[in-house]
Structures are given as structure tokens and as C-alpha cells.
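Input: a single structure, listed below in C-alpha cells.
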Amino acid sequence: MDRCGALFLCLCLLMSQSRTEEASQEILRWMERMEMAARSRSLTSFAELIHGLESRLLNASFGGHNLTLRTHTIQTLAFKLGCNFTGLSLRSAALEQVPQVRGGQGLGVPLAMQFPAQLTRDACRVRSRELSLVCICFSNTRFFQKDINSSVLNNYVLGAQLSHGQVSNLSEPVNISFWHNQSLEGYTVTCVFWKEGASKHHWGAWSTEGCRTEQPSPSQVLCRCNHLTYFAVLMQLSPAPVPAELLAPLTYISLVGCSISIVASLLTILLHLHTRKQSDSITCIHMNLHASVLLLNIAFLLSPVLAMPPVPGPACVALAATLHYALLSCLTWMAIEGFNLYLLLGRVYNIYIRRYVLKLCALGWGGPAFLVLLLLAVKSSVYGPHRIPLSDSRGNSTGFQSTSICWVRNPWVHGVLVMGFGGLTSLFNLVVLAWALRVLHRLRAREKALGPRACWDTVTVLGLTVLLGTTWTLAFFSFGVFLLPQLFLFTTFNSLYGFFLFLWFCSQRHRSEAEMEASSSSQMVQ
């Protein structure tokens, strides 16, 4: 009986090994087929190929606790897990070693994943069973859509799937580490995951939802995500980093300036509501500009606070959309001020426009609202935490020190609906300002007036410069030797923009009262 038992055991082992080899060969053939499809750029669906590989790995029978297979560009690992799972840490030891970076010790692997114990809890609540976990590493990005504005760090895409289905909303995140030995100077790195069905032209698209990016060292990017899928690190060209030592003074200037502007704008609106008798269109336009500046300053002060990790993502998305809306509204009302100034000085005869103020309000408030709501409806991930890279005083790119605000994250949207929109508004108002100054010069040349009239002209020129928002053109000088002066000038002038408008309002009110007194005194003399 003992001999029979031993023979039977050997036979079972041989059969099990045979099944394992058959499953391994089938999976390897499928992986080779995937590589051929990627090289030939055939019409085969990449989604079907990847899902087919996942299915074969999850259903593969193998002895021991894991199965490792590898081709030229694909590496797969399959594990058996039980309901007593306490966590798992993986390192891709089969990949090449990363050299020593900045005094740190050489790392044996460039990739690692750490799974929390919570991974199997949902599956085990249904029924106690053996689970399979598969990890797939791609060393090229041909199976995934390439963003023309970014590249994938080291061309690595790392994914994981559990046999019981989708894993999401984990309270303990899955940690994915990407090591590298390249300089990230001039780049912004962002952890992303592959979201199926998010693109009309491909089987998915990169998204940042549920992932947080950290950089513990110059050679490591750490992604903390609350779900399982395919992960990568996108590298995007970023603007010149802000010197780290200037962050504190710039933040202080912004805080003080925006607070003063909030009080000034609020005081202006309250004074207008308290003293007005019959508002004309000019005053109504000024008050709407004050309201947009008030909203912009409040949203800006709250933006860094809600970008902190404990705050839920939807709150930051909502605030980022509000901040973008406030900026677009403010720029639109600046353009409306320029258009109204053209009507006042360029038209000799009184032009009546039916419901003029109502139409301007629809444009100034409704137009930006339509654009922002359209962006939220098409792709809400356009808004969210936006990382601002910092650099040290020696000019070394830190890339690992940063600050975040709730703002526009998509470079195309930022380029078109922030810089482009602001550029067109600034250009239009600069043309109007130059033309208005020419008209005023001609009028004063005819009158040949000096003294108090010349002082009022100086105030008028300064007021029009502020009213039309020409200081916002400083945003286009954030490069080279202009960067540091531009940071302080832009922050100072535009954080105090509401206060400058308040001074313009007071000067116009004082001038109007002086003219009324002069007119009444002349009538009494007559």
C-alpha cells in the first residue's frame, strides 16, 4: 500500500506539473501574440488581448503559490490568496538594476507594488474561497493611448486584477513605486490609471481619479491609489519651477492683498447699494466687475486649503471649477468695460441698446458658466489638485517639493481657456486704452487746460489702466530673467486689483460731487 500510495502521489504530481506547463505555454503564446499585434499595429483590439491575458492568468492552475512568466516586453505574475490575507509586497526583481542616484544605494528593482490586507475582504464576505491575484507589467505603452503632451516614465505600465472582480474605494491604498535614474527637471509627474471607455477613439484613457502622487526621493515616484487597474506615471513639460524660498513671501502677499481686495470690493458694493438713487449702465458694469473680483479672491484664498489630501476630491473639483469660472467672469467684465468705454468715447451720438445691462450680464456671467459646465459635463477630471513644482536657491530642480491648489489640470484647457482667453482680453483692452488716451489727448489739446484739469487727467489715465485690467498682461512674462520680477509684480498688483478698483470708484464719486457743486454754484451766481 505504501508503494501504491507513493506511485499515486508521484502520478498526481506529474499530472499537476503537466497541467501547469500546458497553462504556461498557452499564456506565453498569448503574450507573444500580443507583442506581434503591438509591433504590427494590427486592427486587433488591445482590450480583448489584455482581457484575454487576464482571464488566462486568473484561471490558470499551477503548483505552489505563484506563477511567473515573461516575454520580451511583458512580465506576468499570478498568486493564490486566501481569506487570511495580511498584505503582499512585490518587487520586479527580473528587471534591470537602477544605478546609484544622488548618494542613495542602488535599488535592485525599478518597480514595486504593495497590496493592503483589505484587498480580499469584500470577496471573503460573500463566501470563503481561494482567490487569484495577477500582476502584469508592460515595458512599452503600445497597448495604451499615448498623450501627445506627455510621456510615460520609463515606458512602464503596471497593472493588477483580483479574481472576484473590480476592486475600488479601498480605505488603505495600493502603493505602486516607480524608480528611475533620469532627471525630471522641467517636468511635472502625475500618477494615472487606465480608465476603460473614457475615450471615443481608443479603448480607454489615462485618468488621475483616486490616485495621489508622491516623490519620497529624487529617484522614486510613489503612487497611492484606492483601486486596482493599470497604472503609470505621466511626465508633462511644466513651466519654470517657482523658487522654494519665495513661496512664503508670495503666499503672504497673496493673502494680504486678496483680503484687502475682498474688503474693498464688498465695501464698494455695499456703498453702491446704500447710496444709489438711479443706477446708470456704467455704474452697473462697475459693480458687476467688483462682484466677479470678489468671487475670484474668495475662491483663490480657499483653493490651496481644499487641495490638501484630507479634503475629498469632489470638493477640490468644485472649487477649481468655481475659481476658473470667477477668472473667466472677471476677464469678461474687463472686456465689457473696454467695450463700454469705446461706446462712450467713440460714439458722438447717444446710442440706445434695449436691455443693455441685462445683455451684458448674460454675457459676463452666463458665457463663463456655459464654458465651465460644458467642461464638467465632458470631463470632470479637467479640474482638481494642480501641483506647482518648486526649486531650491541653487537652481536645482527639486521636483519633489511642491505646493498644490485646486485649479485647471488639463494643459489644453489651461492654454485655451486661461492663457488664450486672458491674452485676447488683455490685447483688446490695451488697444482700447491706447485709443482712449489718444482721444483724451486730443480733447485736452483743444481746451489747452492745465492745473487741476491735468491732475484729473493723470488720475483718469491711471484709473483706466486699472479698470481695463492691463496688469494681467504680466502673466505672459513668466520666463527667463522676467520670472522673479513678474512673480512679485503680478502677485502684488493683481491681488490688490479689487482695492485699486475701490480707489477708482472713490475718485469718480468725488469728481462727480465736485462737478455737481461747481454746477450749482455757477447757477447761483447767474
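Does A362 satisfy being more than 30 Å from A248 (Cβ to Cβ), in contact with a Ser or Thr (Cβ under 7 Å, 6 or more places away or on another chain), among the aliphatic types (A, V, I, L, M) and modelled with pLDDT of 85 or more? I'd like the intermediate steps shown before the answer.
Working: more than 30 Å from A248 (Cβ to Cβ): yes; in contact with a Ser or Thr (Cβ under 7 Å, 6 or more places away or on another chain): no; among the aliphatic types (A, V, I, L, M): yes; modelled with pLDDT of 85 or more: yes.
Criteria not met by A362.
Determine which member of the set A94, A112, A38 is closer than 20 Å to C135 by Cβ, at pLDDT 85 or above and open to solvent by less than 90 Å² (accessible area, probe 1.4 Å).
The conditions single out A112.
Tell me, please, whether a residue that is more than 14 Å from A112 (Cβ to Cβ) and touching a Gly at 6+ places or on another chain (Cβ under 6 Å) can be found in the range 181-191.
Yes; the residues of the range 181-191 include at least one that is more than 14 Å from A112 (Cβ to Cβ) and touching a Gly at 6+ places or on another chain (Cβ under 6 Å).
Could you tell me which residue of the range 127-166 is modelled with the highest pLDDT, considering only residues that are open to solvent by 10 Å² or more (accessible area, probe 1.4 Å) and among the aliphatic types (A, V, I, L, M)?
L158
From the list L450, L496, L503, which residue is open to solvent by 80 Å² or more (accessible area, probe 1.4 Å) and modelled with pLDDT of 80 or more?
Answer to the selection: L503.
Against the condition at pLDDT below 90 and open to solvent by 60 Å² or more (accessible area, probe 1.4 Å), how does L237 come out, does it pass? Spell out the reasoning first.
Values: at pLDDT below 90: yes; open to solvent by 60 Å² or more (accessible area, probe 1.4 Å): yes.
Considered against the rule, which asks whether it is at pLDDT below 90 and open to solvent by 60 Å² or more (accessible area, probe 1.4 Å), L237 comes out as yes.
For the range 372-423: of the residues being of a type in the set (D, E, K, R) and closer than 21 Å to I298 by Cα, which is modelled with the highest pLDDT?
Filtering the range 372-423 for residues that are of a type in the set (D, E, K, R) and closer than 21 Å to I298 by Cα, the one modelled with the highest pLDDT comes out as R409.
Would you please name the residue that is farthest from the chain's Cα centre (by Cα), looking only at residues in the range 167-189 that are modelled with pLDDT under 85 and β-branched (V, I, T)?
V167
State which residue is nearest to L489 (Cα to Cα) when the search covers only the range 245-304 and only residues that are polar (S, T, N, Q) and crowded, with 17+ Cβ neighbours inside 10 Å. Reasoning before the result, please.
Taking the range 245-304 as the starting set, the residues that turn out to be polar (S, T, N, Q) are 251, 254, 259, 261, 265, 268, 275, 278-279, 281, 283, 288, 292, 297, 303.
Cutting the leftovers down to crowded, with 17+ Cβ neighbours inside 10 Å gives us 254, 261, 265, 268, 288, 292, 297, 303.
Details: S254: 11, S261: 16, S265: 21, T268: 24, N288: 25, S292: 21, N297: 17, S303: 21 Å.
Here the residue is S254.
The values are calculated or read from the model by the stated rules, or taken from the named source; none is laboratory data. From a predicted model like this one, the values you see are computed outputs, not experimental measurements. Positions of Cβ are generated from backbone atoms using ideal geometry, with glycine treated the same way; all protein chains shown enter the neighbour counts. The area values use the complete protein model at the heavy-atom level, side chains included, leaving out ligands, DNA and RNA. Shrake-Rupley method; radii C 1.70, N 1.55, O 1.52, S 1.80 Å.
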